[in-house]
């Protein structure tokens, strides 16, 4: 039996788009795997405690992209790439030249795990296509400018 009485109508579904709701939901989502949260009764050494604290500090300050990259099957390849970039920047070295091999290894790994890394691979492919379009446009503009210049030079003769 349906009624047009406002008291008996269903309440609208709650929205979880507001920042407070998102924060509350995220607080319930575990950020560590079961292996990481497994607590044993064995006491930790001072080094283990320091390493764990450093790891937690790193995770807290990491960008979403880094967390995503480390969440898939290419975590080790990504960390190697990240370390190479940092080293090259610290020493003012050519990043492309220095990190070519680790970048290639990371790309191959991502392609092997395309089911997870598909959004990144698609974004990279779109960026490449856009760069090619931009390069072609610049070449066309340069060719048009060169043609115009030679035509104006011919008219002067």
Residues within segment 42-91 that are at pLDDT below 80 and not in a helix (DSSP H, G or I), tallied: 4
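For (1) surrounded by fewer than 10 Cβ atoms within 10 Å (Cβ to Cβ); (2) in contact (Cβ under 8 Å) with a residue 12 or more places away in the chain; (3) in contact with a helix residue (DSSP H, G or I) (Cβ under 8 Å, 6 or more places away or on another chain), each residue gets a yes or a no:
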{"position": "74", "(1), (2), (3)": "no, yes, yes"}
{"position": "77", "(1), (2), (3)": "no, yes, yes"}
{"position": "91", "(1), (2), (3)": "yes, no, no"}
{"position": "111", "(1), (2), (3)": "no, no, yes"}
{"position": "114", "(1), (2), (3)": "no, no, yes"}
{"position": "135", "(1), (2), (3)": "no, no, no"}
{"position": "149", "(1), (2), (3)": "no, no, no"}
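The values are calculated or read from the model by the stated rules, or taken from the named source; none is laboratory data. Quantities reported herein were computed from a predicted structural model and do not represent experimental measurements. Quick reminder, even Gly has a Cβ in these numbers, built from the backbone with ideal geometry, and neighbours come from all protein chains shown.
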